[in-house]
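Take a look at the structure below.
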Ligand SMILES: NC(=O)c1ccc[n+]([C@@H]2O[C@H](COP(=O)([O-])OP(=O)(O)OC[C@H]3O[C@@H](n4cnc5c(N)ncnc54)[C@H](OP(=O)(O)O)[C@@H]3O)[C@@H](O)[C@H]2O)c1
């Protein structure tokens, strides 16, 4: 689901289900040779967004806490910003695309990092701020809601087979320990996905 989310934001929405958060359908933007920032880059959605952007030939800036620097370097990011030390919107400008996997009320702050004609995609669209300001600045502001899609998963499966994509595993719990998995999720600083095993 996390990878389908990144895919539908960045590669191909793959459905035309009306979006309650905006009148128009979401449209991915070209990634080839573009400068792309991924906020929340080590998380479930973020680490796949990073890999898709690199696969498509973008220059990728990853924003995450410091513990993820080596992990994101291994995924091929071109620049890493530790948000606990540096405010990303103060040091990055002229971007083509921001994938904000934190999104919501804080997403507006990334408008100043984008060039006119750029795009801000808050993955958590509810309560996302900055839509009207984006329009004035000539920045595309768009969100969508993931839908299951077998055709896309088949395409994505081939990328796993080729080694183009991989899933990072934050931690593993048996289904009977699902409560512990929730406690892990609640602590935050997730790197990749939490796995539940069923025996
Ligand atoms: N639109 C959709 O269809 C859709 C689908 C799936 C998920 N979502 C939404 O997308 C969001 C992300 O989901 P997820 O599964 O990727 O979450 P997640 O796995 O918990 O990842 C969140 C990541 O953000 C990082 N983070 C936390 N605070 C941050 C900050 N201030 N700046 C930068 N990074 C920060 C965390 O680690 P560090 O703090 O250690 O860097 C973590 O790696 C959620 O709000 C979810 O509801 C939307």
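The values are calculated or read from the model by the stated rules, or taken from the named source; none is laboratory data. A quick note: this is a predicted structure, and the numbers were derived from the prediction, not measured. Don't worry about glycine lacking a Cβ; one is built from the backbone with ideal geometry, like all the others, and counts go over all protein chains shown.
Computed values, structure above
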| read-out | value |
| --- | --- |
| Any hit, region 154-169, residues being within 11 Å of the ligand (Cβ to nearest atom) and in contact with a strand residue (DSSP E or B) (Cβ under 6 Å, 6 or more places away or on another chain) | no |
| The lone exception for residue 73 - which of (1) more than 9 Å from the ligand (Cβ to nearest atom); (2) closer than 19 Å to residue 166 by Cα; (3) touching a helix residue (DSSP H, G or I) at 6+ places or on another chain (Cβ under 7 Å) it fails | (3) |
| Verdict on residue 189 being in contact (Cβ under 8 Å) with a residue 24 or more places away in the chain, farther than 30 Å from residue 89 by Cβ, outside the structural domain of residue 69 (by TED's automatic domain parsing) and surrounded by fewer than 19 Cβ atoms within 10 Å (Cβ to Cβ) | no |
| Matching residues in region 42-57 - criterion: being buried (at least 23 other Cβ atoms within 10 Å of the Cβ) and either more than 10 Å from the ligand (Cβ to nearest atom) or farther than 16 Å from residue 168 by Cα (or both) | 50, 51, 52, 53 |
| Answer residue from region 118-140, given it is under 16 Å from the mean Cα position of the chain (by Cα) and in contact (Cβ under 8 Å) with a residue 40 or more places away in the chain and is nearest to the ligand (Cβ to nearest atom) among those | 123 |
| Residue 151, sole failed condition from (1) farther than 25 Å from residue 197 by Cα; (2) in contact with a strand residue (DSSP E or B) (Cβ under 9 Å, 6 or more places away or on another chain) | (2) |
